[in-house]
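Student: Can you read through this structure? Questions will come right after.
Bear in mind that the values in this text are calculations on the coordinates, not laboratory data. Fair warning: this is a prediction, and the values are worked out from it, not measured in the lab. Here Cβ is always computed from backbone atoms with ideal geometry, including for glycine, and neighbour counts include all displayed protein chains.
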Amino acid sequence: MEECIFCKVVSGDISSKSVMDTDNVLVLKDIAPKAPIHYLIIPKKHLQDLRSFEDIDSNLAGELLLTAQKLSELNDGIPFRILINNGHEVGQRVNHVHLHFLAGKELPELF
Ligand code: 5GP
Ligand code: ZN
């Protein structure tokens, strides 16, 4: 996935300061934060979006959610919202699945 920006960050081709770095998951601060705390939880495996996940990725899916829990713990248990855009039509601009972790202020209710 040479043209994928997040794969380049994962491989080190693009240098980036991570918030968390495990065997399977990388967490970055979003370069254009939409909340006081805005992390991107990124699997190291290239998967375009949640529609690309298969049974073999179920542990990874759980790990991504538990990473969000850990990020909250690192911020004194802060309330947070997870947002995942799956498809260009709904706002996905980077075609490597990532969870937006948003926190630090009252977020507008979506529903
Ligand atoms: P999407 O619209 O695909 O759900 O979200 C992509 C997010 O990635 C955006 O919030 C954008 O600000 C962020 N982003 C794009 N390029 C980079 C980058 O090179 N580094 C970091 N840390 N964030 C990026
Ligand atoms: Zn990628």
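Student: Which one is farthest from the chain's Cα centre (by Cα), of the residues in the range 63-111 that are buried (at least 16 other Cβ atoms within 10 Å of the Cβ) and among the aromatic types (Phe, Trp, Tyr)?
Tutor: Among those that are buried (at least 16 other Cβ atoms within 10 Å of the Cβ) and among the aromatic types (Phe, Trp, Tyr), it is Phe80.
Student: I would also like to ask the following. State whether one or more residues within the range 22-45 are small (Gly, Ala, Ser) and closer than 23 Å to Gly62 by Cβ.
Tutor: no
Student: Being within 14 Å of ligand 1 (Cβ to nearest atom), in contact (Cβ under 8 Å) with a residue 60 or more places away in the chain and in a loop (DSSP other than H, G, I, E, B) is the filter here, so list the residues in the range 32-68 that pass it.
Tutor: Within the range 32-68, Lys34, Ala35 qualify.
Student: If we keep just the residues of the range 69-107 that are within 16 Å of ligand 2 (Cβ to nearest atom), touching a strand residue (DSSP E or B) at 6+ places or on another chain (Cβ under 9 Å) and in contact (Cβ under 8 Å) with a residue 60 or more places away in the chain, which is nearest to Thr22 (Cα to Cα)?
Tutor: Checking each candidate, the answer is His98.
Student: Looking only at the range 10-31, count how many residues are in contact with a strand residue (DSSP E or B) (Cβ under 7 Å, 6 or more places away or on another chain) and either within 14 Å of ligand 1 (Cβ to nearest atom) or closer than 23 Å to Gly91 by Cα (or both).
Tutor: Within the range 10-31, residues that are in contact with a strand residue (DSSP E or B) (Cβ under 7 Å, 6 or more places away or on another chain) and either within 14 Å of ligand 1 (Cβ to nearest atom) or closer than 23 Å to Gly91 by Cα (or both) number 11.
Student: Among the listed residues Val27, Val19, which satisfies the condition of being touching a residue at least 24 places away in the same chain (Cβ under 8 Å), within 16 Å of ligand 2 (Cβ to nearest atom) and among the hydrophobic types (A, V, I, L, M, F, W, C)?
Tutor: That would be Val27, the only listed residue that is touching a residue at least 24 places away in the same chain (Cβ under 8 Å), within 16 Å of ligand 2 (Cβ to nearest atom) and among the hydrophobic types (A, V, I, L, M, F, W, C).
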